[in-house]
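Inspection log for the structure reproduced underneath, given as structure tokens.
Nothing in this text is a laboratory measurement; each read-out follows from the coordinates by a stated rule. Please read all numbers here as calculations on a predicted model, not as lab measurements. In this analysis, Cβ positions are derived from the backbone assuming ideal geometry, glycine residues included, and neighbour counts consider all displayed protein chains.
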Amino acid sequence: MEIYILAGCGIFAAAVVLGLAVRMIRGARRRRPNDMDFMEGHEFEYYCAELLEKCGFQEVEVTRGSGDYGIDILAEKDGVTYAIQCKRYNAPVGVKAVQEAYAGRDYYDRMVGAVLTNQYFTQPAAEAARKLKILLWDRGYLESMMEE
């Protein structure tokens, strides 16, 4: 009888250890940078364009590298046209990206301006975006697009 109880406890302990190991691995995956964090800027733009297409955007076009007025992607979804600034950064994105999306939205005569990044936004960037009516698509939004 004692041997059976000990064996049962051993199986239970092994299951607990296995469960902890699985949770640790999942947590490490969440904290591990994605491949997008190591992309070059133009490569990141094409990656974002593919994600947008996968999420139902149409007429997705990556603009030329220079002279694009800060806009990296032009797209359309459900009759709404977008001018999107992509920022693959290692730190929070500031006001300058919001200003570029604002100017580019008007230059390309688009309905909506947005900044899409692998990071998050500074508080001043969020405040400027609210005033200028620019969408901010941060890392969480980008990751949700990747899961779709």
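Here are the numbers for the structure shown:
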item: Inter-site label distance for residue 50 and residue 133 at 7 Å from Cα along Cβ, in nm; result: 3.4
item: Relative contact order (%) - the range 81-148, alpha-carbon pairs under 8 angstrom, separation at least six; result: 35
